[in-house]
1. Please find, within the range 142-171, the residue that is nearest to residue 76 (Cα to Cα) out of those that are open to solvent by 40 Å² or more (accessible area, probe 1.4 Å) and in a loop (DSSP other than H, G, I, E, B).
2. Please work out if residue 35 is closer than 18 Å to residue 81 by Cα, within 16 Å of the chain's Cα centre (by Cα) and either polar (S, T, N, Q) or within 12 Å of ligand 2 (Cβ to nearest atom) (or both).
3. Going through the range 38-54 one residue at a time, which ones are in contact (Cβ under 8 Å) with a residue 12 or more places away in the chain and surrounded by 13 or more Cβ atoms within 10 Å (Cβ to Cβ)?
4. Taking the range 131-157, which residues are of a type in the set (Lys, Arg) and either closer than 26 Å to residue 115 by Cβ or within 13 Å of ligand 2 (Cβ to nearest atom) (or both)?
5. Pick out the one residue from 35, 57 that is within 16 Å of ligand 1 (Cβ to nearest atom) and either out of contact with any strand residue (DSSP E or B) (no Cβ under 7 Å at 6 or more places or on another chain) or open to solvent by less than 40 Å² (accessible area, probe 1.4 Å) (or both).
6. Take the residues in the range 110-141 that are part of a helix (DSSP H, G or I) and crowded, with 20+ Cβ neighbours inside 10 Å; name whichever of them is nearest to the chain's Cα centre (by Cα).
7. Pairs under 7 Å by beta carbon, first residue in a helix (DSSP H, G or I) and of a type in the set (Val, Ile, Thr) in the range 57-82, partner open to solvent by 40 Å² or more (accessible area, probe 1.4 Å) and more than 16 Å from ligand 1 (Cβ to nearest atom), six or more apart or different chains?
8. Looking at the range 63-77, can you tell me whether even one residue there is surrounded by fewer than 17 Cβ atoms within 10 Å (Cβ to Cβ), modelled with pLDDT under 95 and within 16 Å of ligand 1 (Cβ to nearest atom)?
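The values are calculated or read from the model by the stated rules, or taken from the named source; none is laboratory data. Just so we're clear, the structure is a prediction, and the values are computed from it rather than from any experiment. All Cβ positions, even for glycine, are placed from backbone atoms using ideal geometry, and neighbour counts span all protein chains on display. Surface areas here come from the heavy atoms of the whole protein model, side chains and all, with no ligands, DNA or RNA. Shrake-Rupley method; radii C 1.70, N 1.55, O 1.52, S 1.80 Å.
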Amino acid sequence: MTDRPRLTVLSGPSGVGKSTVVAHMRKEHPEVWLSVSATTRKPRPGEQHGVQYFFVSDEEMDKLIANGELLEWAEFAGNRYGTPRRAVMDRLDAGEPVLLEIDLQGARLVRESMPEAQLVFLAPPSWEELVRRLTGRGTEAPEVIERRLAAAKVELAAESEFDTTLVNTSVEDVARELLALMKVV
Ligand code: ADP
Ligand code: 5GP
């Protein structure tokens with residue numbers, strides 16, 4: 001069944017523009033289903049429980065992991081993040097295109113458990129631009145930005161593990177390319 005939508009994983013360093021690209025894409029194509037992860041991170045201003053994330057306590061995250069409810073999970077810059085398994089499987093079984101926006105460690109875990117998944121890396125036009133975007137977003141304290149930039153160096157070095165790289169110069173272009181890769185348009 002070559003036409004069955006594959007699971008698509010979008011990864012890339014913090015601040016590269018993953019959320020921006022995905023939001024742009026879903027505005028025009030709401031049929032693209034984006035998995036909502038669970039996280040122990042605190043909400044940023046404007047983030048809502050069940051929309052950007054399910055915001056959970058450490059104890060709740062322990063339970064999700066222990067009960068096998070997560071398809072994958074990872075610790076990133078001091079917080080834990082994981083993909084609820086059931087919702088993803090239901091959508092794939094229904095033949096709907098599914099998108100995960102997760103970190104490098106999560107992408108590797110998905111590759112192991114679901115080798116048919118398509119891994120897409122979102123890269124910044126330059127290191128300086130990545131620093132500018134992460135700092136300019138203004139949502140993280142300086143020490144958190146430092147942690148995220150350290151993680152970004154590791155993520156950038158792993159680009160070749162991905163099936164495809166998209167460079168986020170233009171949000172519109174990248175959103176269009178991602179839709180084409182997902183065979184939505
Ligand atoms: P991520 O989800 O990868 O952590 P965000 O989507 O939050 O990143 O984007 C980080 C910052 O970069 C935001 O302020 C966003 O508006 C900005 N940004 C995203 N894409 C672009 C782009 N193509 N050009 C310029 N700024 C961008
Ligand atoms: P943020 O705190 O900026 O929302 O996300 C930090 C990092 O965690 C990003 O790289 C994001 O893609 C990743 N992330 C979000 N949800 C998940 C998840 O469910 N699993 C994994 N492994 N990473 C996630």
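1. Among those residues, the one meeting the criterion is 163.
2. Details: closer than 18 Å to residue 81 by Cα: yes; within 16 Å of the chain's Cα centre (by Cα): yes; either polar (S, T, N, Q) or within 12 Å of ligand 2 (Cβ to nearest atom) (or both): yes.
Spelling it out, residue 35 is indeed closer than 18 Å to residue 81 by Cα, within 16 Å of the chain's Cα centre (by Cα) and either polar (S, T, N, Q) or within 12 Å of ligand 2 (Cβ to nearest atom) (or both).
3. At the first step, the residues of the range 38-54 found to be in contact (Cβ under 8 Å) with a residue 12 or more places away in the chain are 38-45, 50-54.
Residues satisfying the conditions are 38, 39, 40, 41, 43, 52, 53, 54.
4. Taking the range 131-157 first, the residues of a type in the set (Lys, Arg) are 132-133, 137, 147-148, 153.
Passing the criteria: 133, 137, 147, 148.
5. Values: 57 fails: within 16 Å of ligand 1 (Cβ to nearest atom).
Every option except 35 fails the conditions.
6. Ranking the candidates gives 110 first.
7. Short answer, once both residue conditions are applied: 65/73.
8. Start the filter on the range 63-77 by keeping residues that are surrounded by fewer than 17 Cβ atoms within 10 Å (Cβ to Cβ), which leaves 63, 65-69, 75.
If we keep only those that are modelled with pLDDT under 95 too, we end up with none.
No, the range 63-77 has no match at all.
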